[in-house]
Amino acid sequence: MTKISEEARRAKLLAQREQKLKELKNRQKLAANKPKKSPDDEAKDGSRRHVPLNTTTRHGEMVRAQRMVASDVHARATQHIISETPINKSLYNGFNGQQVSPAQLRAARPTKNAVRIIPIGGVGEMGIGKNMTALEYGDEIILVDMGIMFVNEDYPGVDYMVPNIEYIEKNLRKVKAIAFTHGHLDHIGAVQHLLPRFPHITPIYGTEFTLNMVKKSMNELPEVPEMNYINVEPWKHDIIQVSPSLSLEFVHVLHSIPGSTAIVVRTPNGVVLFSGDWRFEDNPIDKPFDMTRLTEIATKEGIHVMLNESTNIDTPGRHTWSEIEVGDSFGKVMNEYKNSRIIISSFSSQILRIQRALEEAAKHGRKVAFAGYSMINNLEVALRSRQIKVPKDVIMKMEDIIKLPDSRVAIICTGSQGELNAVLNRMITGQHKYIKVKNTDVVVFSSNPIPGNEIHVVNTESGLMREGAEVIRHGKNHVHGMGPLHLSGHAYFEDHVEYVQTLKPLNYIPNHGEFYMLHHSAEMAENVCGIPRERILVCDDGDVVEFLPDKTIKKNGRINVGSELYDGTGNEVHDAVVKDRLHISNEGIFIIVLTLNKKTGRLVKTPDVISRAFVYLNDSEELIGKIRHYLRTKTDHSSLDASMDTLKQEIKDDVAHILYDSTGHTPIVIPVVNKV
């Protein structure tokens, strides 16, 4: 039986082979009888479109170079994309340092009766800012802050980014309150873009100064929405019941802007403390840090979860001077340089420092003028909020103060971070309407460079010195001997230790900072303050931290978060636009405009070539001639039946190869083909 089956199988295979051979012979016979095409016929039906490029590099080399450029551009333009960032592998990640994918966290089911703490922005990102956190319990959500983050040079044409609140927008009915800790842009800067998305009846809480800063920003919108602003007085210690299960209490803290607070949220599972931005100061100008109230809450109720800002955690020690001493240093400068015009450059939100400068100017018989859009705006808000005391008859308009002798003039302006378009740099270049820096001026930098701005600050300092001005910077006391000229708004390491050891939080979540800051803060909490590692969590944006009824915390879920990019006019910028700008800034753009006869497919005129940020055409005649020769040959041999898209793609690939072969660069190539 087996032998018969084997013979049948062989017979079947032989028959199939014979059939295939027969079909092949028939196809060969038909091809032999078909008339041969002339070169013109081949060109017409597109069977011969390839044009020799006479390049010394292979096509594959060009493709690899394009991929390398694309990879670099992608890496730079996607730093803000968070949603697919793997969970950090820190020892404090909640999984003993083990890697967990975002998909695994998203698949987690919420625990019943858990308070969910969700950083929407501001933790472990590419910089400091964009602070926003949600606290959720059942159908109730409280939002804390809505900040922006300024971007670096990897985002050309983009000024800042704001949090993506996709998750919040899907749950707007749950939002019972929006609370602001203070008025810096990294905490309120996104309000123009985000607040209009909320129902106008949503309560918005903050101190008077903070809400006036919010209103100032909102008033810049073409249509100002009606919002439900509610001022709070932190020294009253009012407990505001914003929903059946959640309440807010604002507590006064010290920072570099008036009206700064910590926020205490009471939940069914315990007390959650949002530290806000803070510092300790032994001799403050205004009201002291309300540590008494926080200690009272910690003693009577307990702080069960503490979200503590981490910005200066890696700076050793503590603050050893106050804003009063900074003002005294201004007075020393005025004493030392009695006949010089004094220009003080500082952050525009340093209201109490501005007050000290005004006091010292009045004491030394000087008038003061202000320069800088944000400086003037913030001063107006401070005056309306009664947060600054101005000596009588000390402020003058800029156009009037320039008529006074230098010995009676002081100017307070922005630009201490070396921004090219800020007032101070415009005074150097002579672009300012009233002030041009001269060799008798004394310029005081009352700030520290923000990380990344150092080179700009140095360039500004050099520009001032080129004009002959005397430059006095904070931290250079060994040179000028004037004393401290700046006080950071953020606590140093020993301040953090004291704060945490005093409040004794049961669970600890580092907040507001780059990832290394969060990690250092976690190490401090465990190694110095004695908080068990399992009660410390270093989070990524979008992580869902569950605060459970048994007073423990754990990561259990992840929501979609990210960033929206905006330019200086407030218009949104798409990621793809940023990538194109980066590509053009590195490699340039090369545009070819061809005009073809729609009947013959031949060139009607010499192709136009446009090069921007790539090669200078007047110095590249040989290359441009080579490109035009290729285009003439290509169109002469192209089929009329070929699709426009196919022709453009072939030209794009070939021209890119020629350009790479000649220059080693891979610009964006755009062929434009018109048929007439």
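Name the residue, out of Phe445, Phe493, that is in contact (Cβ under 8 Å) with a residue 60 or more places away in the chain, aromatic (Phe, Trp, Tyr) and open to solvent by 20 Å² or more (accessible area, probe 1.4 Å).
Details: Phe445 fails: open to solvent by 20 Å² or more (accessible area, probe 1.4 Å).
The match here is Phe493.
Listed conditions (1) part of a loop (DSSP other than H, G, I, E, B); (2) open to solvent by less than 40 Å² (accessible area, probe 1.4 Å) are all met by Ile81, apart from (2). Scanning the range 257-294 for residues that are modelled with pLDDT under 95 and of a type in the set (Val, Ile, Thr) turns up just one, Ile285.
Find the residue count for the range 496-508, including only residues that are assigned to a loop (DSSP other than H, G, I, E, B) and open to solvent by 60 Å² or more (accessible area, probe 1.4 Å). Residues in the range 496-508 being assigned to a loop (DSSP other than H, G, I, E, B) and open to solvent by 60 Å² or more (accessible area, probe 1.4 Å): 2 in total.
Among the residues making up the range 343-386, a single one is surrounded by fewer than 22 Cβ atoms within 10 Å (Cβ to Cβ) and among the β-branched types (Val, Ile, Thr): Ile376. Reported count of residues in the range 635-649, each being within 26 Å of Arg64 (Cβ to Cβ) and touching a strand residue (DSSP E or B) at 6+ places or on another chain (Cβ under 9 Å), is 3. Restricted to the range 421-485, the set of helices (runs of 4 or more DSSP H) holding at least 2 residues that are among the aliphatic types (A, V, I, L, M) comprises 423-429, 454-466. Inspect the range 256-270 for any residue being surrounded by 15 or more Cβ atoms within 10 Å (Cβ to Cβ) and on the phi > 0 side of the Ramachandran plot and give the result as yes or no. Yes, the conditions are met somewhere in the range 256-270.
Out of Gly183, Gly189, Gly206, I need the residue that is closer than 16 Å to Asn131 by Cα, surrounded by 22 or more Cβ atoms within 10 Å (Cβ to Cβ) and either among the basic types (Lys, Arg) or more than 24 Å from the chain's Cα centre (by Cα) (or both). Which one?
None of the other options fit; the residue is Gly206.
Beta carbons closer than 6 Å, at least 6 apart along the sequence or on distinct chains, pair a first residue in the range 496-524 that is closer than 20 Å to Gly122 by Cα with a second that is of a type in the set (Val, Ile, Thr) and part of a strand (DSSP E or B) for Asn507/Val305; Asn507/Ile553; Tyr508/Ile536; Ala522/Ile536.
For the range 509-544, what are the residues that are part of a strand (DSSP E or B) and of a type in the set (A, V, I, L, M)? Full working, then the answer.
Just the residues of the range 509-544 that are part of a strand (DSSP E or B), to begin with: 509-511, 513, 536, 543-544.
Matches in the range 509-544: Ile509, Ile536, Val544.
The residues in the range 302-326 that are crowded, with 20+ Cβ neighbours inside 10 Å and not in a loop (DSSP other than H, G, I, E, B) can be counted, and the count is 7. Taking residues in the range 61-79 that are without any contact (Cβ under 8 Å) to a residue 40 or more places away in the chain, and partners anywhere that are open to solvent by 50 Å² or more (accessible area, probe 1.4 Å) and not in a helix (DSSP H, G or I), not one pair has Cβ atoms closer than 8 Å while being at least 6 places apart or on different chains. Filtered by the rule that a residue be crowded, with 17+ Cβ neighbours inside 10 Å and either among the β-branched types (Val, Ile, Thr) or over 16 Å from Ile592 (Cβ atoms) (or both), the range 610-623 gives a lone residue, Val615. Looking at Asn586, Asn560, can you tell me which residue is open to solvent by 60 Å² or more (accessible area, probe 1.4 Å) and farther than 30 Å from Asn674 by Cα? Matching residue, one of Asn586, Asn560: Asn560.
Restricting attention to the range 426-453, the residues that are of a type in the set (A, V, I, L, M) and at pLDDT below 90 total 1.
Give me a count of the residues in the range 165-177 that are free of Cβ contacts under 8 Å to residues at least 40 places away in the same chain and buried (at least 20 other Cβ atoms within 10 Å of the Cβ). Before the answer, list the steps.
Taking the range 165-177 as the starting set, the residues that turn out to be free of Cβ contacts under 8 Å to residues at least 40 places away in the same chain are 169-175.
Then drop every residue that is not buried (at least 20 other Cβ atoms within 10 Å of the Cβ), which leaves 175.
So the answer is 1.
With the structure loaded, tell me whether Phe180 is of a type in the set (Phe, Trp, Tyr), touching an Asp or Glu at 6+ places or on another chain (Cβ under 9 Å), touching a residue at least 12 places away in the same chain (Cβ under 8 Å) and under 25 Å from Ile240 (Cβ atoms) or whether it fails that test. Against the criterion (of a type in the set (Phe, Trp, Tyr), touching an Asp or Glu at 6+ places or on another chain (Cβ under 9 Å), touching a residue at least 12 places away in the same chain (Cβ under 8 Å) and under 25 Å from Ile240 (Cβ atoms)), Phe180 qualifies. Restricting the range 448-465 to residues that are free of Cβ contacts under 8 Å to residues at least 12 places away in the same chain and more than 28 Å from Met149 (Cβ to Cβ), which is most open to solvent (accessible area, probe 1.4 Å)? If we take residues in the range 448-465 being free of Cβ contacts under 8 Å to residues at least 12 places away in the same chain and more than 28 Å from Met149 (Cβ to Cβ), then Met465 is most open to solvent (accessible area, probe 1.4 Å). Just one of the listed residues (Val123, Val162, Val151) is open to solvent by 10 Å² or more (accessible area, probe 1.4 Å) and either within 25 Å of Asn312 (Cβ to Cβ) or aromatic (Phe, Trp, Tyr) (or both), and it is Val151.
Within the range 569-596, which residues are outside any strand (DSSP E or B) and farther than 30 Å from Tyr616 by Cα? Can you show your working first?
Going through the range 569-596, the residues outside any strand (DSSP E or B) turn out to be 569-571, 574-588.
Thr569, Gly570, Asn571, listed by residue number.
Among the residues making up the range 651-668, a single one is outside any helix (DSSP H, G or I), surrounded by 21 or more Cβ atoms within 10 Å (Cβ to Cβ) and touching a strand residue (DSSP E or B) at 6+ places or on another chain (Cβ under 6 Å): Pro667. Would you be able to say whether some residue in the range 410-423 is modelled with pLDDT of 95 or more and among the small types (Gly, Ala, Ser)? Within the range 410-423, one or more residues are modelled with pLDDT of 95 or more and among the small types (Gly, Ala, Ser).
Tell me, which residue of the range 429-442 that is of a type in the set (Val, Ile, Thr) and either in contact with a Lys or Arg (Cβ under 8 Å, 6 or more places away or on another chain) or closer than 11 Å to Val471 by Cα (or both) is surrounded by the fewest Cβ atoms within 10 Å (Cβ to Cβ)?
Thr440
Pairs are defined by a Cβ separation below 7 Å, a sequence spacing of at least 6 or placement on different chains, a first member in the range 219-233 that is over 12 Å from Pro196 (Cβ atoms), and a second member that is of a type in the set (Val, Ile, Thr) and open to solvent by 50 Å² or more (accessible area, probe 1.4 Å); the pairs so defined are Asn228/Ile201. Only one of (1) open to solvent by less than 10 Å² (accessible area, probe 1.4 Å); (2) aliphatic (A, V, I, L, M); (3) out of contact with any strand residue (DSSP E or B) (no Cβ under 8 Å at 6 or more places or on another chain) is not met by Ala576, so which one is it? It is condition (1) that Ala576 fails.
Mind checking which residues of the range 247-269 are among the β-branched types (Val, Ile, Thr) and farther than 20 Å from His319 by Cβ? Before the answer, list the steps.
Quick first cut of the range 247-269, residues among the β-branched types (Val, Ile, Thr) only: 251, 253, 257, 261, 263-265, 267.
Once the filter is applied, which keeps residues that are among the β-branched types (Val, Ile, Thr) and farther than 20 Å from His319 by Cβ, the range 247-269 yields Ile263, Val264, Val265, Thr267.
The values are calculated or read from the model by the stated rules, or taken from the named source; none is laboratory data. A quick note: this is a predicted structure, and the numbers were derived from the prediction, not measured. Please note: Cβ atoms are built from the backbone with ideal geometry, for glycine as well, and neighbour counts cover all protein chains shown. Side chains included, ligands, DNA and RNA excluded: accessible areas come from the protein's heavy atoms. Shrake-Rupley method; radii C 1.70, N 1.55, O 1.52, S 1.80 Å.
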